[in-house]
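Following: one structure in structure tokens, then a few remarks.
Values quoted throughout were computed directly from the atomic coordinates according to the rules given, and no laboratory measurement underlies them. Everything quoted here is computed from the prediction, not taken from an experiment. Using ideal geometry, Cβ is built from the backbone for each residue, glycine included, and neighbour counts are taken over all protein chains shown.
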Amino acid sequence: MPPPLLYYAIPFFLLLLIIEAIISYKEQKHLYEVKDTFSSLALGIGNLLSGLITKALIFGLFMLVYQFRIFNLSASNWWVWVLAFFADDFSYYWFHRTSHHVGWFWASHVVHHSSQKYNLAAALRQTWTGNLTGAFIFWLWMPLVGFHPIVVMTMQSISLIYQFWIHTETIQQLPGPIEYIFNTPSHHRVHHGVDVNYLDRNHAGILIIWDRIFGTFTKEKQRPVYGLTKNIGSFNPVVVAFKTWGDLFIKAASAPKLKDKINYFTQPPGWSHDGSSKTARQMRAESKD
């Protein structure tokens, strides 16, 4: 197994969270709400606990795939780590983008977007089901190509650690070159916004260049409204973790045709067979009319 970098980072996460909360209180910015914060922390703890088992299973699967590797990319070469960085970030972009466009993956990812506050605690608000429902498939190509699973999972941890600090409203615009290349608080605030022009934008992990290349980049123009287009309405971490899954299966069961049942899992969030709800693309199109 790779070194548990994410676990080592937790004390620093909590320290920065406390500092941000104190600043918010002193400046009366109201960035934190007690129930919301505890919900985020509980979801983060649940993610860590579920990860103890699921990440071990995924590591085993990666090792199995690695036995059939095409190349031998030795981790003793510095350039292999550089390649792994870009490979992981590219994989994360497509995983993240898919999570916003496929109902099956959104049912797990929705947890991260469920807070109506945007703060460092929200960064810890993570899924309990993502590993079990296939998020790892977006990285399976890396051990097949020849990256050792320890390298792959180390890079995944580095990416998650990086993404912690961008969940804040205390940092505004950074110097132009940084904003152009890297994912920043400004870019990620857009991603968490439910404003129609912000929906399904800025899917980057560390490098915002993927969004620029693949046409999903949007610059922050106004302060976003955070949360979901239809909020879950509960601070109970169990409800937040599983409600969207329950809704997804109920809607699929109620659809009259097999094709429609399948579409609830494969089409974007908000898709409905009877037009009772709308996708982000439909909402964006209506806003331009």
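Checking each residue in the range 186-219 for being under 17 Å from Ser91 (Cβ atoms), touching a residue at least 24 places away in the same chain (Cβ under 8 Å) and assigned to a helix (DSSP H, G or I) picks out Ile209, Trp210, Asp211, Phe214. In the set (1) under 20 Å from His100 (Cβ atoms); (2) surrounded by fewer than 21 Cβ atoms within 10 Å (Cβ to Cβ), Ile250 fails one condition alone, (1). Residues in the range 111-134 that are farther than 14 Å from Phe235 by Cα and β-branched (Val, Ile, Thr) were compared, and the one that is surrounded by the most Cβ atoms within 10 Å (Cβ to Cβ) is Thr127. The condition of being in contact with a helix residue (DSSP H, G or I) (Cβ under 8 Å, 6 or more places away or on another chain) and more than 29 Å from Leu15 (Cβ to Cβ) holds for Asp200. Report yes if Lys257 is touching a residue at least 12 places away in the same chain (Cβ under 8 Å) and surrounded by fewer than 16 Cβ atoms within 10 Å (Cβ to Cβ), otherwise no. Yes: the conditions hold for Lys257. Filtered by the rule that a residue be surrounded by 14 or more Cβ atoms within 10 Å (Cβ to Cβ) and part of a loop (DSSP other than H, G, I, E, B), the range 220-235 gives Glu220, Pro224, Gly227, Leu228, Thr229, Ile232, Phe235.
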